[in-house]
1. Shape call for region 34-187 from the C-alpha gyration tensor, a ≥ b ≥ c root eigenvalues: rounded (a/c under 1.5), prolate (a/b greater than b/c) or oblate?
2. For the chain, what relative contact order do you get, as a whole percent, if you take Cα pairs closer than 8 Å and at least 6 residues apart?
3. So what is the 222 nm mean residue ellipticity for the chain from helices alone, if each DSSP H run of at least 4 adds -39500 (n - 2.57) and you divide by all residues, rounding to the nearest 500 deg cm²/dmol?
4. State in Å² the accessible area per residue of region 247-336; use a 1.4 Å probe, count heavy atoms of protein chains only, and round to the nearest integer.
5. Running a GNM on the chain with Cα contacts under 10 Å, which residue among Arg288, Arg141, Arg230 ends up with the highest mean-square fluctuation?
6. Over the heavy atoms of Phe189, what accessible area does a 1.4 Å probe trace out, to the nearest 10 Å²?
7. Using a Gaussian network model of the chain whose springs link C-alpha atoms within less than 10 Å, name the residue from Met87, Met152, Met116 with the highest mean-square fluctuation.
8. Once you have the Kirkwood Rh of the chain from its Cα pairs, apply Stokes-Einstein at 4 °C and 1.567 mPa s and quote D in µm²/s.
Amino acid sequence: MTLRSILALSYTIEQIQKQYGLDPAPALARNGIYPDQMDANAVISQADELAVLSDLFIDLRHDPLVALKLSSTFGLSAYGAFAMMLMSCSTVYEGIQLGIRYQELSYLFSRLDFEMTGDEASLVLHPYHVPEELHRFVIDRDVAGTFQFLNMMQAMLGQQAKPVKICVPYPAPKEKDVYESTFGCPVEFGTDVARFVIPDGLINKTLPNANATALALYRQQCDELLNQRRQPEHDQLSRRVHKYLSMFRDEYPSIAECAETFSTSERSFRRQLKDEDTTYQQLLDSVRSEKACHLLDNTSQSIEQIAVKLGYTEAAAFIRAFKKWHQMTPAQYRKK
């Protein structure tokens, strides 16, 4: 999870206030962000943005279509040099290749790929591993946001082609008809990844605003942005991983899934944490320990119920771990 512009979060907050009448300030404050102090030039890590969205979603979960509604309001101005670069390409194919290369400048919580299977071309989104309650929200946000972005790009370029089909990687909801009416094409649910099947011949079309000089200028600007955002963050990786893991319950991501979410190889991920004198397991234990103490202090849930919430298959394993962390059993801790 890299740094990105705070503009997408700013637009989301604005729309939540307009469409739902909710005050996002408490959720933002819990994550150290204050709306009246948000600088349009500021950046935020994907992990921190996801944590904010998780807090905001608590008050919006009554509307299963919230992500579709919020993502449809984004404008091209939010993408800056990234959008201008793509519009300056010579062909749709070149734009796709550069879009993938510079995808860190988008607002996705997925990894973007391009696939050719026979004559069928597809843009593919591989969603990051997020808590189960956020799974549909994040996928809808990325799919609707990508659809909106493609539509805006086509409008600017005089194109109106719709996807042949869109695939969504979760079971069909009762609101499935809304998705087809929103996207104007068939929508297939229950697939392994999100997919936009591109109409035949579209990828080879030339773009009317192609300009090699402008393209070179915008690529240079995009390169500079990437270099800035890939600089070491003030916050350590361990802190960001800890915050990311704190969003989960019942089931936690593996180290491989966590490394992929933070846009690095597992080997590099382990090395970076080692350089900060910690390991993935230690961070996971810390998160579980904090959650366990909170549940023991503030609820009457049984040891067995708490064990399940922390992702343990049996209470005995949780008790052994807790004793290792605190030199006493959960029951002794609660009694004390």
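The values are calculated or read from the model by the stated rules, or taken from the named source; none is laboratory data. Remember, predicted model here, so these are calculated numbers, not experimental data. A quick note on method: Cβ atoms are made from the backbone with ideal geometry, for glycine too, and the neighbour counts reach across all protein chains shown. Accessible surface areas use protein heavy atoms only, side chains included; no ligands, DNA or RNA. Shrake-Rupley method; radii C 1.70, N 1.55, O 1.52, S 1.80 Å.
1. Oblate is the answer for region 34-187, as a/c is 1.5 or above yet b/c matches or exceeds a/b.
2. That works out to 18 percent.
3. For the chain, the value works out to -16000 deg cm²/dmol.
4. Value returned for region 247-336: 60 Å² of accessible area per residue.
5. Maximum among the listed residues: Arg230.
6. Number for this one is 40 Å².
7. Of Met87, Met152, Met116, the most mobile in the Gaussian network model is Met116.
8. Numbers: Rh = 21.9 Å.
Result for D is 59 µm²/s.
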